[in-house]
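The values are calculated or read from the model by the stated rules, or taken from the named source; none is laboratory data. Since we're looking at a predicted model, the values are computed, not measured. FYI the Cβ positions are ideal-geometry reconstructions off the backbone, even for glycines, and counts take in every protein chain you see.
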Amino acid sequence: MKTTSVFARNLAAYNAGYRYIVNKGSTRSSKTYSILQLLYSLAERSDEPLVISVVSESLPHLKRGCIRDFRDMLLREERWDAHSWNATEKIYSINKSMIEFFSADNAGKVHGPSRNILYINECINIDYEIFRQLAIRTTKNVFLDCNPSHAFWLDEKVLGKEDAFLIHSTYKDNEFLSAAQVKEIESNRDDENWWRIYGEGVTGMLEGAIIRNWDITADMPELYKSRWIGIDFGFTNDPTAIVDVRLSGGELWIDELLFAKGYDNMMIADHLVEMAVPRDTPIIADSAEPKSIKEITTQGWHVEAAKKGKDSIIAGISILNRYHKNVTSRSLNIIEEYRNYRWQTDQHGRFVNRPEDKFNHSIDAQRYVCLNKLLERNNALSYSVIAGRK
């Protein structure tokens, strides 16, 4: 296998007998890939059967991350055996050993049988109690990795242990990156916090996060009081974001229907059909593109322009944050935006009441729903509370 120095450092830590092998680093440093290479090698060469568990926060995250990387890794080395892969159980068999992939939201797996080796991918997104339940059922080694966007339980609960070993890596440790990839990463040097986390691979600052009061859920509610679709248009440079927003039990439930570039208006209308969105569902779209709204409306959809105006961004965010939000686990782009949407800072590093203009495509679509459908509701509730006090 073609490996980086990150693979060699993980192998050395494993051979040295460390139980906890922690990989903190920047984007594209080969953390995940190197750990998967090592796990495959251990399973392939083991004289005794090994059970190796690869865990991520959700099944969609797992499919687009570790499972895809694992398959691509073996295909590249011409070692992938389709007969060894159980797609239903997400298990790859190697000689007498097995590598299983499951998500941390699968309670049966988390509290289920033991294993020899555990690997938690992007452990920063996993609750400590889930880690603890997995760790106590692991007989040998625990691998963990993350882009350290902020301090969390890993620093206090794991790295302080005598049998823990930290491996710090950056994109410079990955000699297989193209010049274009390196240039793209280094173009973000001016974003101080981003560069700390994804460029230098050191712990960043969580301060300034805009979206509050949210959790990840498995499914959307079948019973709900109201349902709306929000659309933020994009095409070449920005993605088109379509979100399904439902009001149920006084909370918002949000699902990602589309987050992709290159969608014209007819493709958007067709995608709504593919997603089985009922024709009478109110759709609120970016008012900056009246032509797009008209074209989608001609396809039989009820589309209205988002109400914009002075301070409408802040107003929409304020309404969105008043509700507890349940985001489906498959909505990976919404989750990423929620975690990274931040307030701007002034020259002194103090936060100002203006969001950064990034990580906001799906959030803009949600704001449009809030401004058109939830603003009046919140104003009415506020009025009734005030009237009741008189």
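Do the conditions hold for Tyr40, that is, is it aromatic (Phe, Trp, Tyr), at pLDDT 95 or above, out of contact with any strand residue (DSSP E or B) (no Cβ under 8 Å at 6 or more places or on another chain) and at negative phi?
no
Any residue in segment 141-148 that is among the charged types (D, E, K, R) and either touching a Leu at 6+ places or on another chain (Cβ under 6 Å) or in a helix (DSSP H, G or I) (or both)?
no
Could you tell me whether any residue of segment 72-88 is on the phi < 0 side of the Ramachandran plot, more than 23 Å from the chain's Cα centre (by Cα), part of a strand (DSSP E or B) and surrounded by 13 or more Cβ atoms within 10 Å (Cβ to Cβ)?
Yes; the residues of segment 72-88 include at least one that is on the phi < 0 side of the Ramachandran plot, more than 23 Å from the chain's Cα centre (by Cα), part of a strand (DSSP E or B) and surrounded by 13 or more Cβ atoms within 10 Å (Cβ to Cβ).
Could we say that Leu159 is touching a Leu at 6+ places or on another chain (Cβ under 7 Å), assigned by TED's automatic domain parsing to the domain that holds Ala16, surrounded by 18 or more Cβ atoms within 10 Å (Cβ to Cβ) and not charged (D, E, K, R) here?
Answer is no for this residue.
Looking at Ala306, Ala241, Ala260 in this structure, which one is over 30 Å from Asn106 (Cβ atoms) and either in contact with a His (Cβ under 9 Å, 6 or more places away or on another chain) or modelled with pLDDT of 95 or more (or both)?
From the options Ala306, Ala241, Ala260, the qualifying one is Ala306.
Looking at Val54, Val22, which one is closer than 25 Å to Arg196 by Cα, of a type outside the set (Asp, Glu) and outside any helix (DSSP H, G or I)?
Val22
Of (1) out of contact with any strand residue (DSSP E or B) (no Cβ under 9 Å at 6 or more places or on another chain); (2) modelled with pLDDT under 95, Gln181 satisfies all except one. Which?
It is condition (2) that Gln181 fails.
Report, ordered by the first and then the second residue, all pairs with beta carbons closer than 7 Å, sequence separation of six or more or different chains, a first member in segment 85-98 that is closer than 13 Å to Arg71 by Cβ, and a second member that is surrounded by 13 or more Cβ atoms within 10 Å (Cβ to Cβ) and among the hydroxyl-bearing types (Ser, Thr, Tyr).
Note: pairs meeting the criteria are Trp85/Tyr92; Tyr92/Ser84.
Please specify each residue of segment 99-140 satisfying the condition of being of a type in the set (Asp, Glu), in a loop (DSSP other than H, G, I, E, B) and touching a residue at least 40 places away in the same chain (Cβ under 8 Å).
Within segment 99-140, Asp105, Glu122 qualify.
Which residues, taken from segment 282-304, are surrounded by 16 or more Cβ atoms within 10 Å (Cβ to Cβ), hydrophobic (A, V, I, L, M, F, W, C) and over 27 Å from the mean Cα position of the chain (by Cα)?
Answer for segment 282-304, where residues must be surrounded by 16 or more Cβ atoms within 10 Å (Cβ to Cβ), hydrophobic (A, V, I, L, M, F, W, C) and over 27 Å from the mean Cα position of the chain (by Cα): Ile293, Ile296, Trp301, Val303.
Is it the case, given these coordinates, that Tyr33 is in a helix (DSSP H, G or I) and of a type in the set (Phe, Trp, Tyr)?
yes
Exactly one of (1) surrounded by 13 or more Cβ atoms within 10 Å (Cβ to Cβ); (2) out of contact with any Cys (no Cβ under 8 Å at 6 or more places or on another chain); (3) within 15 Å of Tyr40 (Cα to Cα) is unmet by Phe101. Its number?
That leaves (2) as the condition not met.
So, of the residues in segment 311-331 that are among the aliphatic types (A, V, I, L, M) and part of a helix (DSSP H, G or I), which turns out to be nearest to Asn353 (Cα to Cα)?
Per the stated criteria, the residue is Ile314.
Let me confirm something: among Leu42, Leu50, which residue is over 22 Å from Lys2 (Cα atoms), in the same structural domain as Ser149 (by TED's automatic domain parsing) and hydrophobic (A, V, I, L, M, F, W, C)?
Leu50
Considering Ala16, Ala8, which residue is surrounded by fewer than 16 Cβ atoms within 10 Å (Cβ to Cβ), closer than 24 Å to Ser169 by Cβ and without any contact (Cβ under 8 Å) to a residue 12 or more places away in the chain?
Going through Ala16, Ala8 in turn, just one is surrounded by fewer than 16 Cβ atoms within 10 Å (Cβ to Cβ), closer than 24 Å to Ser169 by Cβ and without any contact (Cβ under 8 Å) to a residue 12 or more places away in the chain: Ala8.
Here is a list: Asp238, Asp219. Which entry is acidic (Asp, Glu) and out of contact with any strand residue (DSSP E or B) (no Cβ under 7 Å at 6 or more places or on another chain)?
Asp238
Wholly within segment 166-281, which strands (runs of 3 or more DSSP E) include no fewer than the required count, namely at least 2 residues that are more than 21 Å from the chain's Cα centre (by Cα)?
Once the strands (runs of 3 or more DSSP E) in segment 166-281 are filtered for at least 2 residues that are more than 21 Å from the chain's Cα centre (by Cα), what remains is 226-232, 240-248.
Just give me the residues in segment 177-229 being farther than 30 Å from Gln347 by Cβ and of a type in the set (S, T, N, Q), in sequence order.
Passing the criteria: Ser178, Gln181, Asn213, Thr217, Ser226.
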